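Take a look at the structure set out below.
The values are calculated or read from the model by the stated rules, or taken from the named source; none is laboratory data. What you see is a predicted model; the values in this text were computed from it and never measured. Counting neighbours? That spans all protein chains shown, and the Cβs are built from the backbone with ideal geometry, glycine included. Accessible surface areas use protein heavy atoms only, side chains included; no ligands, DNA or RNA. Shrake-Rupley method; radii C 1.70, N 1.55, O 1.52, S 1.80 Å.
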Amino acid sequence: MSQNQLNKQIHRLESSQTSFPFDYMPVILSDSKARFLQNEVNSRTERKIQWWFKSGASANDQLQYLKDNLELKLQIHPKILLYVWLGTCDLTTKNGKFISLKSRDNSNVNQLTQIFKEIHAFISDFPTVKLAFLELPYYSIFHWNAYKNHANPGPFKNDDHLLIEQIDAVNSFIRETNMLLRKYSPKFNCDIQNCRKSSGSNPRYTYKFYNFFIDGIHPCPALARLWLLRICELSQKDCI
């Protein structure tokens, strides 16, 4: 997607946004990427979203947050649609100011999806809480480390390819789980994807980490605005 296409998508979604009472309160359970979406809130419909996020939070951290706080939160908002948007801090680890893959096999993917299952099981005990999982956006180890002035970020480009494969595995699990929940997630990665295809060859996909991300992980204001609007469009269907 080009910058012009991104702006057109923002305009389309802003034009179609409506405001009416929600039966369920939309809540985003996430890590630091959610803060960049919250910063773009400006309409009445967007202000209905509640944000439960913590920078650097893993899926297990936020599961514990639910265990510690959900009953109290339900006293304030008795009916909740919980959008779980986690995983960024589960596939990579931070060493000082730099990040690296947690593992080169799928063990971390399996651990993450197991925690998602635990979140699902925990929420099932609360009949007034509906659950949906949001797909994990791609992010870049190389661009983050370059942004943080790593002396030699080049080798991390190979890690990015493996990270994308791991994110694809997580998102496959999310799509399967959402089917059981009768829910849907926006395909955030389509918004940062470029497709190049030569005659007689398979399409080659690249991702606009440099253009659309501040630091390889967190979306720039325009992309954050688009993702916020996509979630709002979803909540207008899910929360009535």
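What's the angle, to the nearest 10 degrees (0 to 90), between helix 107-123's Cα axis and the longest principal axis of the chain?
10
Listed here are the pairs Lys48/Lys94; Lys102/Lys208; Lys8/Lys237; Lys33/Lys130; which of them are more than 30 Å apart at the Cα?
Distance filter (> 30 Å) returns Lys48/Lys94.
What accessible area per residue comes out for region 4-65, rounded to a whole number of Å², with a 1.4 Å probe?
For region 4-65, the per-residue accessible area is 51 Å².
Just grab the label-to-label distance for Glu71 and Ser103, each label 7 Å out from Cα along the Cβ direction, in nm (one decimal).
Distance between the two pseudo-spin positions: 3.4 nm.
Once each part is reduced to its C-alpha centroid, what is the distance from region 97-163 to region 6-72 in angstrom?
Using only Cα atoms, the two centres lie 19 Å from each other.
Can you figure out the FRET efficiency of Asp23 with Asp125, using R₀ = 22 Å and their beta-carbon distance, to the nearest 0.05?
That pair, Asp23 with Asp125, gives E of 0.60.
Report, in deg cm²/dmol and to the nearest 500, the calculated mean residue ellipticity at 222 nm for the chain, where each DSSP H run with n ≥ 4 adds -39500 (n - 2.57) and the sum is divided by the residue count.
Taking each H run of at least 4 residues, the total per residue is -15000 deg cm²/dmol.
Say the dipole of the chain comes from +1 at the beta carbon of Lys and Arg and -1 at that of Asp and Glu; which of Ile10, Gln111, Ile174 then lies farthest toward its positive end?
Ile10
Going by a ≥ b ≥ c, the root eigenvalues of the Cα gyration tensor, does region 1-117 fall in the rounded group (a/c under 1.5), the prolate group (a/b larger than b/c) or the oblate group?
Oblate is the answer for region 1-117, as a/c is 1.5 or above yet b/c matches or exceeds a/b.
Please sort by residue number the trypsin sites (Lys or Arg not before Pro) in region 55-134 whose DSSP state is loop and whose Cβ has at most 16 other Cβ atoms within 10 Å.
Listed in order of number, the matching sites are Lys79, Lys97, Arg104.
Within 14 Å, Cβ to Cβ, of Asp23, how many net charges do the neighbouring residues add up to if Lys/Arg are +1 and Asp/Glu are -1?
+3
Can you tell me the 0 to 90 degree angle between the C-alpha axis of helix 3-16 and the longest principal axis of the chain, rounded to 10?
The angle comes out near 10 degrees.
Per residue, how large is the accessible surface of region 154-196? Use a 1.4 angstrom probe and give square angstrom.
I get 55 Å² per residue for this part.
Give, rounded to the nearest 20 debye, the magnitude of the charge dipole that region 47-108 has about its Cα centre when Lys and Arg contribute +1 at Cβ and Asp and Glu contribute -1 at Cβ.
Using Cβ point charges on Lys, Arg, Asp and Glu, region 47-108 gives about 260 debye.
If you place +1 on the Cβ of every Lys and Arg, -1 on the Cβ of every Asp and Glu, and leave all else neutral, what size is the dipole of the chain about its Cα centre, to the nearest 20 Debye?
560
Each label point is 7 Å from the Cα along the Cα-to-Cβ direction; what then is the distance between the points at Ser16 and Arg182, in nm?
Calculated label separation equals 2.2 nm.
If you take every DSSP beta bridge whose two residues both sit in the chain, what share of them, in percent to the nearest 5, is antiparallel?
40
Pairing the Cα long axis of helix 156-181 with the longest principal axis of the chain, what angle in degrees results, from 0 to 90 and rounded to the nearest 10?
Helix 156-181 and the main axis of the chain meet at about 30 degrees.
From the square roots a ≥ b ≥ c of the eigenvalues of the alpha-carbon gyration tensor of region 125-240, which class results: rounded (a/c under 1.5), prolate (a/b over b/c), or oblate?
Note, shape of region 125-240 comes out prolate.
What size of dipole, in debye to the nearest 20, comes out for region 114-240 about its Cα centre when the only charges are +1 on Lys and Arg C-beta atoms and -1 on Asp and Glu C-beta atoms?
420
Over region 99-164, what percent of the accessible surface lies on carbon and sulfur atoms, probe 1.4 Å?
50
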